[in-house]
Amino acid sequence: MANTVTVKLVKGLIGTRETHRATVRGLGLRRVNSVSVLEDTPAVRGMINKVSYLVKVVS
């Protein structure tokens, strides 16, 4: 099985930039406390870094 990373949305998206909202949506997160399991790729890591103030890496 490939390496995976679990991401959780910990802050709401109200008042954030539209590009950041689109990035969170691209990570598969919808509302606060939603969790998404993704492949650990450089592209996904870049998306997580972009919105690091909104999300938490669980594992």
(request) Give me a count of the residues in the range 45-59 that are exposed (fewer than 11 other Cβ atoms within 10 Å of the Cβ), within 13 Å of Thr6 (Cα to Cα) and not polar (S, T, N, Q). (result) 0
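Yes/no matrix, rows are residues, columns are (1) touching a helix residue (DSSP H, G or I) at 6+ places or on another chain (Cβ under 8 Å); (2) surrounded by 12 or more Cβ atoms within 10 Å (Cβ to Cβ); (3) of a type outside the set (D, E, K, R):
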| position | (1), (2), (3) |
| --- | --- |
| Gly15 | no, no, yes |
| Val24 | no, yes, yes |
| Leu27 | yes, yes, yes |
| Ala43 | no, no, yes |
(request) For the range 2-52, enumerate the residues that are of a type outside the set (A, V, I, L, M, F, W, C) and either in contact with a His (Cβ under 9 Å, 6 or more places away or on another chain) or at positive phi (or both). (result) Gly15, Gly28, Asn33, Lys50
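Every number in this text was worked out from the coordinates using simple rules, so none of it is lab data. All values reported here derive from a predicted model rather than from experimental measurement. Neighbour counts are summed over all protein chains in view; Cβ atoms, including those assigned to glycine, are modelled from backbone coordinates with ideal geometry.
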